[in-house]
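A short write-up of the structure that comes next.
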Amino acid sequence: MNKLGFGFLRFPMENDEVCYDILTPMVDAFFAGGGRYIDTAYPYLNGKSEEAVRKTVVERYPRDSYILANKVPGYQVKEREDLYRMFETSLRRCGVDHFDVYMLHWLNEKHYAMAEQFDEFAFLRELKASGKAKKIGFSFHDTAALLDKILTAHPEVDVVLLQINYLDWESEGIQSRKCYETALRHGKEIVVMEPVKGGTLAKVPEAAAKILKKIDPERSPAFHALRFVQSLPHVDVVLSGMGSLEQMQENLLPVEPMTDEELVLLHRAAMAIDKATAIGCTGCGYCLSKCPQKIFISRYFRLYNEGQQKPSQAWKLKPAYVEASKDRGKASDCIGCGVCERSCPQMLPIREYLVKVKEVLE
Ligand code: SF4
Ligand code: SF4
């Protein structure tokens, strides 16, 4: 069994350009290993993600050999016409005439209200009726109660894209388990994003790494994270952003569902990670472009976490902080406007955490 999908968001980049010499062999390995599902979105990497799909997949493989999923940021819409404009741009950048799955990107309470205001589900239905989208759906970052409300209002939805990983499985913020069960109750196809929580479950604290080694000493922490999600019987596809060919090859290995004993070990590893991870930032960067003070939020949180996990190395962090904040706002420059928190899929109290960063790193 392997349900791996290739997420075209976190992949090899250098100086803001796609590293095709690394990405192209990764795509070939993905297809050779039985992968089919490719995921991108209109806003990813300012269009470079969709262009990379065209260059590495669409121009090199027959259209019926892969499933291409794309997403429209309905929350950027000023007038309904924008939806059609973004859809046409996505078709052109990807070099295709239809998408196999087309979704509203990132529904939460605020974005769902906008989706209703601009009648965005009717737009999806229209695409499906015309054959330009084979299946329709949305990606979701909010509570299971809101997911239930949307799926009740819109039974036409075929697919939901949910954040599921073993660290967030029982979390009250992300509600992975509750969202999974809600989608299941509504009979939807489930695609999973963030199975490795933006890399948090790939580089785990030492205490957690020791526990994971008991499951399989040969495999990486990221592999265990992917295996957990693949073990969920009603998950159809597990998206992973990958940075190297080696990572791709490991992720394509056949996986067996986890046993009860392994799940107990994974739960212990989650507790060890929770204990050692002060700030659960995934580094997605969605907050960065919104901050009027240009505060390098994700980087500061990473430095702060490193200091908490390895106190003996903490002396290195202040110089790293000075370097990172050279051309950007410091944590103490935060004016408390709260714009960043409204764009954080992890729903982090960013302002509160920046106070801690300031106390420790300035
Ligand atoms: S609350 Fe602070 S960090 Fe967040 S957007 Fe405003 S100034 Fe930036
Ligand atoms: S603070 Fe939130 S939005 Fe910003 S990088 Fe971290 S997880 Fe992403």
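Throughout, read-outs are computed from the coordinates displayed, never taken from laboratory work. Not measured: the values here are computed from a predicted model. With ideal geometry, Cβ positions are generated from the backbone for all residues, glycine too; neighbour counts draw on all protein chains shown.
How long are the three semi-axes of the equivalent ellipsoid for region 288-361, computed from the Cα gyration tensor as the root of 5 times each eigenvalue, in whole Å, largest first?
Its equivalent ellipsoid spans semi-axes of 21, 14, 10 Å.
Considering amide H positions built from the backbone, and no H for Pro or chain starts, which residues 5 or more places from residue 100, or on another chain, come under 5 Å of its amide H?
Close amide H contacts, sequence-distant or interchain: 68, 134.
Would you mind checking the pairs 294/358; 178/356; 178/210; 149/178; 210/316; 275/330 and listing those with alpha carbons more than 21 angstrom apart?
Result: 178/356; 178/210; 210/316; 275/330 exceed 21 Å.
Given region 4-276, what whole percent of its Cα pairs are spread farther than 24 Å?
Summing the P(r) tail past 24 Å for region 4-276 gives 50 percent.
Restricting the count to DSSP beta bridges whose residues both fall in the chain, what percent are antiparallel, rounded to a multiple of 5?
The answer is about 5 percent antiparallel.
Restricting attention to the chain, give the cysteines that have no other cysteine Cβ less than 4.7 angstrom from their Cβ.
Those would be 19, 94, 179, 281, 284, 291, 334, 337, 344, since no other cysteine Cβ in the chain comes under 4.7 Å of theirs.
Determine ³J(HN,Hα), in whole Hz, for all residues of region 203-208 in sequence, where each value follows from phi through the Karplus function 6.51 cos²θ - 1.76 cosθ + 1.60 and θ = phi - 60°; x replaces Gly and Pro.
Here the 3J(HN,Hα) series is 10, 9, x, 3, 4, 6 Hz.
Quick one: plug the Kirkwood hydrodynamic radius of region 148-200 (C-alpha pairs) into Stokes-Einstein at 37 °C, 0.692 mPa s, and report D in µm²/s.
For the chosen part, D equals 286 µm²/s.
Sequence neighbours fewer than 8 away in the same chain don't count; with that in mind, list the aspartates and glutamates whose C-alpha is under 18 Å from residue 203.
168, 194, 216, 218, 246, 250, 274, 306
Would you grab the residues whose amide H sits under 5 Å from the one on residue 5? Only those 5+ places off in sequence or on another chain, please, with H modelled 1.01 Å from N.
238, 239, 240
Among the aspartates and glutamates, select those whose C-alpha is under 19 Å from the C-alpha of residue 78, and discard any that sit fewer than 8 residues away in the same chain.
88, 109, 116, 119, 120
Please get the size of the charge dipole for the chain, origin at its Cα centre, with Cβ charges of +1 on Lys and Arg and -1 on Asp and Glu, quoted in debye to the nearest 20.
So the magnitude is around 700 debye.
For region 99-109, just list the computed ³J(HN,Hα) in residue order, Karplus coefficients 6.51, -1.76 and 1.60, θ = phi - 60°, integers in Hz, with x standing in for Gly and Pro.
Per residue, the Karplus-derived 3J(HN,Hα) values read 10, 6, 9, 10, 10, 7, 7, 6, 7, 9, 4 Hz.
Quick check on region 228-285: what are the equivalent-ellipsoid semi-axes from the Cα gyration tensor, as sqrt(5λ), descending, whole Å?
Semi-axes, largest first: 21, 20, 12 Å.
Cut-off 10 angstrom, C-alpha nodes, Gaussian network model of the chain. Which of 236, 327, 142 fluctuates the most?
The residue that fluctuates most here is 327.
Which FRET efficiency, nearest 0.05, do residue 156 and residue 294 yield, Cβ-Cβ r, R0 25 Å?
According to the calculation, E is roughly 0.05.
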